[in-house]
Amino acid sequence: MAVDARISAHRGNTVELEVCFTCAGVPADPYAIRMVEIYHTQVLPHNLVAQFVMPHPCDPVYPAPLQRSTEDLPPGDCGTEGQEGAIVPGCYKLLWEIPDDAIAPDVYFDVWSYMPKNPCEIEDFADDCVEGSDGELCHPDLDSDELSGLILQNCNRFWVYPNCWDSQDGLSQIRLGFEPLDQKFHQPEIRPLEVGIMPLPLYDFDYNLNVPAIPNMTATISIETGNKERVVDAEPMEMGIRQGSYRTNPFVFRYMIDTTSFLIGTYQYRVTVTLPDGTTRTSPDFVLTIS
């Protein structure tokens, strides 16, 4: 079964809910992730649809059912090989199989409860700690009332649609507009380049034709120098949501720009979007500058 992203989950499919933790702006692993709860529409007790409780961090199976996020590291200096499946610090993902009777289309929330610091490192709780199998000190009951004040919660969201099926009668076609949201970059920085995507005509488009298709679109980006030298060749982009109150055009395609891998100057880029029916739409040439 296909694994869906947060922006385009479907009933009966599996959605990948990834969360990355940071401490003071630095990627870091919390001491213990205790629970992930999934709510429909609002984070209220009667809207709870799923709950996943993690084992004690001293348990060898921790953080199951969560998985650690991994990535392939690029080759190093002097031709050394990159590392496959390297663990990304602070990043975890939950694969949730969405029930066939889930209410859709609608928004869902995943609430992550975690303990950032080992209570055994806090003087008030150190007396209750015991030595675990790995030699580290472990508090036997992380869910006790006395430790409840150490629990933090983060709330995230994702969208669920009825199914991944769609049909078209061929009478109308999808028209898309592109809006470059980022133009100026500065070295050294790593931040996403976002391009807004919107159905046309903007305030009078066919809702039933466009809206089911947009979350299932994919996009690639190509970047060239002023001399038409290709520096990024049809690399994939991710779909996200733009900030602000955009009810008719909330979607963006996002590509992470590492300015340290570019020379200072002006570049042109173009986005190509592939629709679910296999047809493509290509944006005009946009400009970005790196200074």
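Report yes if residue 84 is surrounded by fewer than 13 Cβ atoms within 10 Å (Cβ to Cβ), charged (D, E, K, R), modelled with pLDDT under 95 and within 19 Å of residue 142 (Cβ to Cβ), otherwise no. For residue 84, the condition - surrounded by fewer than 13 Cβ atoms within 10 Å (Cβ to Cβ), charged (D, E, K, R), modelled with pLDDT under 95 and within 19 Å of residue 142 (Cβ to Cβ) - is not met. If you go through region 205-257 and pick out every residue that is farther than 18 Å from residue 270 by Cβ and either small (Gly, Ala, Ser) or not assigned by TED's automatic domain parsing to the domain that holds residue 181 (or both), you end up with 4.
Across region 269-287, the number of residues qualifying as exposed (fewer than 15 other Cβ atoms within 10 Å of the Cβ) and either within 12 Å of residue 223 (Cβ to Cβ) or charged (D, E, K, R) (or both) comes to 3. Applying the condition of being in contact (Cβ under 8 Å) with a residue 40 or more places away in the chain and touching a Leu at 6+ places or on another chain (Cβ under 9 Å) to region 143-165 and asking which residue is nearest to residue 278 (Cα to Cα) yields 158. Restricting attention to region 188-244, the residues being exposed (fewer than 12 other Cβ atoms within 10 Å of the Cβ) and either under 19 Å from residue 277 (Cα atoms) or of a type in the set (S, T, N, Q) (or both) number 5.
The values are calculated or read from the model by the stated rules, or taken from the named source; none is laboratory data. Because the structure is predicted, anything quoted here is derived from the model rather than measured. Counting neighbours? That spans all protein chains shown, and the Cβs are built from the backbone with ideal geometry, glycine included.
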